[in-house]
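Just below is one structure, and these are the notes that go with it.
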Amino acid sequence: MFNTLEVAKDVHIHTRVTDQFKTVNFSLKLRRPLKVEEAAERTVLTNVLQHSNAQFPSTASMRMYLDDLYGTVLYLDTSKKGNEHVVILNVETVNDQYLKNSDVLSKVLELMHTVLFEPNFENGTFKENIVAREKEMVKERIQSIFDDKSRYAQNRLTKILAPNHPASISANGTIPDVEAITLQSLTDTYQRMLAEDVVDIYVVGDIDETKMVEELKKALPFGDRKSSLTITEIPKIQPTDTYVKEKQDMKQGKLHIGFSTPVFFKDVDFPKMQIFNGIFGGYPHSKLFMNVREKESMAYYCSSSYSAQYGLVYVMSGIDVENEKRTLQLIDEQLLAMQQGEITDLEMTQTKAMLQNQLKEALDSARGQIEIYDQYKDLDEDFNVEAWQTKWQAVTKEDVVAMAKQLHKETVYFLSGMEDEK
Amino acid sequence: METIRFDQLDETLYYEKLENGLEVYILPKKGFSKTFVTFTTKYGSVDRSFIPLGEQQAITVPDGIAHFLEHKMFEKEDGDVFQKFSEYGASANAFTSFARTAYLFSATNHVYESTETLLNFVQEPYFTEKTVNKEKGIIGQEITMYDDQPDWRLYFGTIENMFKEHPVKIDIAGTVESIDQITAEHLYTCYYTFYHPSNMLLFAIGALEPEKMIEVIRENQKKKEFAKPTPIKRIGVNEPSEAAIPERSLRMDVLKSKVSVGLKAKETSLSGREMLKHELAISLTLDILFGRSSDFYTKVYEEGLIDESYSYDFSLEQGFGFAMIGSDTHQPDKLVQAIKDQLKKTEQNWPFGEEELERVKRRRIGFHLRALNSIEYIANQFTRYKFNDMNLFDSVAAIEELTLADVKQAFQSLQGESQQTVFKILPLKDSTKTDSESEGSKA
């Protein structure tokens with residue numbers, strides 16, 4: 001799918017030439033082991049780099065330049081993947097061929113260099129007022145989770161289920177860690193990131209591949225990485241078996257449940273667990289949707305998701321407070337039914353068809369191509385859709401039953417309103 | 001079947017109007033493996049008063065019925081339509097907005113079978129009192145979910161402030177009380193009035209053969225009988241041009257206040273190319289006044305009056321239109337003042353010239369070209385444009401044509417303090433009570 005070239009030790013450029021899109025997409029990923037304090041540093045760093053550099057010291061000047069480049073989209077962000085923390089620079093720009101007379105692409109490459117390698121320093125560090133402002137912005141972002149009740153409930157669930165574990169560490173870090181950042185610590189983090197992080201540079205579009213690689217090498221001159229960044233195994237979840245109820249001033253109850261499984265992304269059982277999750281609560285034909293929503297009218301949504309990086313399955317539903325016990329019972333019944341082999345041929349066929357469709361659809365966007373390739377390239381095999389289709393096709397009902405039996409309910413979290421009755 | 005060629009964009013659109021009045025548009029996209037099909041009726045939450053098909057007397061139906069009907073279309077005598085789509089590996093969905101109800105699927109396999117399933121399930125209503133009552137629990141939970149979302153409350157609170165009579169101010173899903181009044185008979189009445197093929201549009205885009213697709217649709221439609229197309233009689237309202245309520249607020253369990261300034265549009269009667277130019281002109285002006293490269297943005301960002309949630313937007317349909325500018329903020333009153341000052345400056349002395357306009361034109365052209373990578377965006381937007389007699393693929397050319405005079409003229413639609421309204425969401429624990437507080441009463 002992508003052509004990969006190692007331009008320095010642990011620095012890879014992945015190119016994909018296609019005329020499918022009217023734009024050219026870049027994605028730069030900088031990784032190192034996930035640590036909670038560093039997550040905060042790196043998130044504030046992405047904000048600082050996004051809003052200010054030596055050439056464009058203010059947000060407005062930077063934005064004006066992006067507008068001039070036909071509204072080129074450029075943003076930095078942080079995320080996590082398993083045990084790694086990732087700083088991302090995403091850029092999307094219009095392909096020159098759709099414009100009357102322009103040379104946008106080469107200017108965009110220069111700009112990527114400016115954003116990463118020409119910081120707005122004063123006396124050898126970032127500027128005080130900018131850092132202070134962006135620390136505030138990141139704090140506000142972390143706090144805003146409280147105002148979104150579903151996200152808040154899911155966040156609380158993972159914290160209770162897996163404390164101090166990569167599954168519950170936020171890519172944004174914590175508020176105290178943001179507050180502890182100094183000009184010097186942020187500058188050190190920046191320099192460490194450029195020198196040490198493992199680098200992957202993706203580009204997708206109607207490009208001249210050889211020329212693009214040369215230009216990228218110039219624009220993003222990353223040298224050899226030291227091989228000191230070893231990523232450790234993801235620790236096992238400690239059994240919790242807890243039931244936590246909390247209250248806020250709100251109307252709908254948010255029921256979130258966390259299950260542990262021994263099956264991770266890199267395991268041979270991964271496709272089996274995907275099929276289990278699809279039948280359990282992954283799709284509108286699933287047991288949770290058909291029973292909790294359609295049959296019992298308990299909820300507008302009741303679904304499950306499989307977080308393969310951490311071997312966890314989550315169930316979430318929004319319900320009337322008085323239906324808490326009944327909904328829990330219904331969810332348990334669906335899992336039990338699957339453990340006892342109540343799985344139809346139709347459910348198997350539907351789920352396999354949906355998984356195939358989902359993967360193929362995701363590959364219809366440049367961003368999807370990059371993200372899927374970035375995830376699957378770590379496996380010891382070349383990624384292709386057909387190979388995954390074959391794996392899903394081979395999964396039997398017995399396999400799915402075996403997966404269902406390996407689920408262990410760890411944590412139930414219920415967030416509800418102050419009054420018990422409406 | 002006709003073909004329409006867009007050279008600059010390298011796209012070819014196929015079009016046919018069937019005998020029963022259904023308009024079909026097909027856009028093949030090379031390189032894509034998925035196909036996306038939408039089947040949309042020009043019927044949304046604002047269509048609450050009308051003369052039912054074949055009758056003389058106007059009726060007003062319970063609030064939230066268009067959305068309720070959308071939910072109920074998926075249930076048939078032999079079960080749930082999602083089951084069938086899943087067999088084909090197709091993801092089906094639907095949504096209801098102020099002016100439209102859309103049914104859709106995306107698939108990478110069994111595309112033509114899925115298209116038939118889409119046509120059939122939308123054209124074979126099946127409502128019973130039992131299934132209708134069962135849905136009330138599900139939609140009741142959907143309404144409650146939105147009630148807990150502060151951003152949704154802010155959005156709708158602002159709209160409620162702006163409109164006195166127009167049904168756009170009624171939440172799309174209705175209320176738990178209003179949906180309780182809905183019966184199977186209501187649903188059939190709305191269905192037969194608004195789901196006639198002549199009031200609908202099918203858009204198919206992606207990995208498909210246009211000839212084969214139109215053949216499947218033609219054959220499917222030939223087999224079905226429909227009443228003679230008759231014009232739909234909607235009952236309009238007299239909506240004053242100025243905003244109904246200047247300011248309100250609501251307390252919720254949030255940590256940070258949210259505020260939105262709404263600007264009610266005076267000009268809501270355009271259609272076609274004029275409407276396209278008008279809405280683009282207003283969007284460009286908002287970009288210059290409130291965009292991230294504006295002096296305004298720099299000032300409020302540096303003063304800490306806004307955060308990353310800051311946004312502005314303009315919506316226009318026939319009969320109503322509004323802009324909104326808002327953000328999460330610790331200082332709602334100060335932010336409101338800054339927004340109002342910026343608007344006032346614009347009225348007193350037009351603050352920008354050709355150079356700024358040129359820059360935001362480029363930005364918008366880039367936005368449109370990027371959006372054309374998304375087949376979902378094309379299908380949804382094409383339908384909206386078409387229902388207003390506009391063409392999505394004219395956008396880039398229309399942007400290029402806009403002059404400073406056009407932009408100034410268009411923006412008058414939003415100008416004047418009478419058009420402005422403010423809605424705030426305030427934290428429960430906040431002790432500072434503002435004068436205008438009225439605990440979220442519905443006007």
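The values are calculated or read from the model by the stated rules, or taken from the named source; none is laboratory data. Values in this document were obtained by computation on a predicted structure and should not be read as measured data. All Cβ positions, even for glycine, are placed from backbone atoms using ideal geometry, and neighbour counts span all protein chains on display.
Among the listed residues A:Val108, A:Val91, A:Val104, which satisfies the condition of being more than 25 Å from A:Ser79 (Cα to Cα), touching a strand residue (DSSP E or B) at 6+ places or on another chain (Cβ under 6 Å) and within 14 Å of chain B (Cβ to nearest Cβ)? Spell out how you get there, then give the answer.
Numbers: A:Val108 fails: more than 25 Å from A:Ser79 (Cα to Cα); A:Val91 fails: more than 25 Å from A:Ser79 (Cα to Cα).
Unique residue meeting the criteria: A:Val104.
Taken over the range A:351-390, the criterion of being over 24 Å from the mean Cα position of the chain (by Cα) and more than 28 Å from B:Asn373 (Cα to Cα) is satisfied by A:Thr390 alone.
Just to be sure before I move on: is B:Arg153 within 14 Å of another protein chain (Cβ to nearest Cβ) and among the basic types (Lys, Arg) in the structure I sent? Show your work before the answer.
On the way: within 14 Å of another protein chain (Cβ to nearest Cβ): yes; among the basic types (Lys, Arg): yes.
Against the criterion (within 14 Å of another protein chain (Cβ to nearest Cβ) and among the basic types (Lys, Arg)), B:Arg153 qualifies.
Sub-9 Å Cβ pairs linking a first residue in the range A:50-70 that is within 11 Å of A:Pro119 (Cβ to Cβ) to a second residue that is among the acidic types (Asp, Glu) and assigned to a helix (DSSP H, G or I), at least 6 apart or interchain, are A:Ser52/A:Glu134, ordered by first then second residue.
Contact map, the range B:165-180: first residue charged (D, E, K, R), second residue part of a loop (DSSP other than H, G, I, E, B) and surrounded by 20 or more Cβ atoms within 10 Å (Cβ to Cβ), Cβ cut-off under 8 Å, separation 6 or more or different chains; pairs are B:Lys169/B:Phe163; B:Asp171/B:Ser45; B:Asp171/B:Asp63; B:Asp171/B:Gly64. Going residue by residue through the range B:427-443, is there one that turns out to be of a type in the set (D, E, K, R) and either at pLDDT 90 or above or buried (at least 22 other Cβ atoms within 10 Å of the Cβ) (or both)? No, the range B:427-443 contains no residue that is of a type in the set (D, E, K, R) and either at pLDDT 90 or above or buried (at least 22 other Cβ atoms within 10 Å of the Cβ) (or both). Return a yes/no flag: does the range A:128-145 have any residue that is within 13 Å of chain B (Cβ to nearest Cβ), part of a helix (DSSP H, G or I), more than 29 Å from A:Phe414 (Cα to Cα) and of a type in the set (S, T, N, Q). The answer is yes; a qualifying residue exists.
Being within 14 Å of chain A (Cβ to nearest Cβ), surrounded by 13 or more Cβ atoms within 10 Å (Cβ to Cβ) and not β-branched (Val, Ile, Thr) narrows it down to one residue among B:Lys256, B:Lys264; which is it?
Details: B:Lys264 fails: within 14 Å of chain A (Cβ to nearest Cβ).
The match here is B:Lys256.
Of the residues A:Val395, A:Val401, only one is closer than 27 Å to A:Asp332 by Cβ and in contact with a Pro (Cβ under 9 Å, 6 or more places away or on another chain); which? Walk me through it before giving the result.
On the way: A:Val401 fails: in contact with a Pro (Cβ under 9 Å, 6 or more places away or on another chain).
Step by step, each of A:Val395, A:Val401 is checked, and only A:Val395 is closer than 27 Å to A:Asp332 by Cβ and in contact with a Pro (Cβ under 9 Å, 6 or more places away or on another chain).
Checked against (1) over 28 Å from A:Trp392 (Cβ atoms); (2) at pLDDT below 95, A:Glu294 passes all but condition (1).
Is it true that some residue in the range A:390-403 is free of Cβ contacts under 8 Å to residues at least 12 places away in the same chain, closer than 30 Å to A:Ile201 by Cβ, part of a helix (DSSP H, G or I) and more than 12 Å from chain B (Cβ to nearest Cβ)? The answer is no; no qualifying residue exists.
So which residues in the range A:307-349 are more than 30 Å from B:His110 (Cα to Cα) and within 14 Å of chain B (Cβ to nearest Cβ)?
Narrowing the range A:307-349 to residues more than 30 Å from B:His110 (Cα to Cα): A:309-333, A:335-337, A:339-340.
Correct list: A:Met316, A:Ser317, A:Gly318, A:Ile319, A:Asp320, A:Val321, A:Glu322, A:Asn323, A:Glu324, A:Arg326, A:Thr327, A:Leu330.
Looking at the range A:347-367, is at least one residue among the β-branched types (Val, Ile, Thr), in a helix (DSSP H, G or I) and either at pLDDT 95 or above or farther than 23 Å from A:Thr261 by Cα (or both)? Steps first, please.
Of the residues in the range A:347-367, the ones among the β-branched types (Val, Ile, Thr) are A:349, A:351.
Applying the additional criterion that residues be in a helix (DSSP H, G or I) yields A:349, A:351.
Remaining after also requiring either at pLDDT 95 or above or farther than 23 Å from A:Thr261 by Cα (or both): A:349, A:351.
Within the range A:347-367, one or more residues are among the β-branched types (Val, Ile, Thr), in a helix (DSSP H, G or I) and either at pLDDT 95 or above or farther than 23 Å from A:Thr261 by Cα (or both).
What are the residues in the range B:345-392 that are in a helix (DSSP H, G or I) and without any contact (Cβ under 8 Å) to a residue 24 or more places away in the chain, if any? Hits for the range B:345-392 are B:Lys345, B:Gln348, B:Glu355, B:Glu358, B:Arg362, B:Gly366, B:Phe367, B:Arg370, B:Ala371, B:Tyr377, B:Gln381, B:Leu392. Among the residues making up the range B:208-233, a single one is surrounded by fewer than 20 Cβ atoms within 10 Å (Cβ to Cβ) and in contact with a Lys or Arg (Cβ under 9 Å, 6 or more places away or on another chain): B:Ile232.
If the condition is being surrounded by fewer than 18 Cβ atoms within 10 Å (Cβ to Cβ) and touching a helix residue (DSSP H, G or I) at 6+ places or on another chain (Cβ under 6 Å), then the range B:372-384 contributes only B:Tyr377.
Of the strands (runs of 3 or more DSSP E) that lie entirely inside the range A:147-263, those containing 3 or more residues that are closer than 28 Å to A:Arg42 by Cβ span A:198-205.
From B:Asp287, B:Asp333, B:Asp328, grab the single residue that is of a type outside the set (A, V, I, L, M), crowded, with 18+ Cβ neighbours inside 10 Å and in a helix (DSSP H, G or I).
When all the criteria are applied, what remains is B:Asp287.
The number of residues in the range A:250-283 that are more than 14 Å from chain B (Cβ to nearest Cβ), crowded, with 24+ Cβ neighbours inside 10 Å and of a type in the set (Gly, Ala, Ser) comes to 1. The residues listed here are A:Val204, A:Val199; of these, the one that is touching a residue at least 24 places away in the same chain (Cβ under 8 Å), within 30 Å of A:Lys377 (Cα to Cα) and within 14 Å of chain B (Cβ to nearest Cβ) is A:Val204. Of the strands (runs of 3 or more DSSP E) contained entirely in the range B:1-119, those carrying at least 1 residues that are within 14 Å of another protein chain (Cβ to nearest Cβ) fall at B:2-6, B:11-17, B:23-28, B:35-41, B:91-96, B:101-107.
Could you check, for the range B:28-50, whether at least one of its residues is of a type in the set (A, V, I, L, M, F, W, C), modelled with pLDDT of 95 or more, farther than 21 Å from B:Ile214 by Cα and assigned by TED's automatic domain parsing to the domain that holds B:Pro229? Break it down into steps so the answer makes sense when it comes.
Looking only at the range B:28-50, we keep the residues that are of a type in the set (A, V, I, L, M, F, W, C), and these are B:32, B:36-37, B:39, B:46, B:50.
From what's left, modelled with pLDDT of 95 or more: B:36-37, B:39, B:46, B:50.
Retained after the next criterion (residues that are farther than 21 Å from B:Ile214 by Cα): B:46, B:50.
Now restrict to residues that are assigned by TED's automatic domain parsing to the domain that holds B:Pro229: B:46, B:50.
Taking every residue of the range B:28-50 in turn, at least one turns out to be of a type in the set (A, V, I, L, M, F, W, C), modelled with pLDDT of 95 or more, farther than 21 Å from B:Ile214 by Cα and assigned by TED's automatic domain parsing to the domain that holds B:Pro229.
Every residue in the range B:302-313 that is in a strand (DSSP E or B) and surrounded by fewer than 20 Cβ atoms within 10 Å (Cβ to Cβ), please. Don't jump to the end; show me each part of the working.
Here is the first cut: in the range B:302-313, the residues in a strand (DSSP E or B) are B:311-313.
Selection gives B:Ser311, B:Asp313.
Of the listed requirements (1) of a type outside the set (Gly, Ala, Ser); (2) over 30 Å from A:Tyr310 (Cα atoms); (3) within 14 Å of chain B (Cβ to nearest Cβ), A:Val115 misses just one: (3). In the set (1) at the interface with chain B (Cβ under 10 Å from one of its Cβ atoms); (2) surrounded by fewer than 17 Cβ atoms within 10 Å (Cβ to Cβ), the condition left unmet by A:Ala387 is number (1).
The requirement of being aliphatic (A, V, I, L, M) and touching a Gly at 6+ places or on another chain (Cβ under 8 Å) is not satisfied by A:Met316. Restricting the search to the range B:388-397, which residues are among the small types (Gly, Ala, Ser) and surrounded by 18 or more Cβ atoms within 10 Å (Cβ to Cβ)? The one that is among the small types (Gly, Ala, Ser) and surrounded by 18 or more Cβ atoms within 10 Å (Cβ to Cβ): B:Ser395. Within the range A:232-249, being within 14 Å of chain B (Cβ to nearest Cβ) and of a type in the set (Asp, Glu) holds for A:Glu246, A:Asp249. Checked against the criterion of being surrounded by fewer than 19 Cβ atoms within 10 Å (Cβ to Cβ) and away from every other protein chain (no Cβ under 14 Å), the range A:48-58 has at least one qualifying residue.
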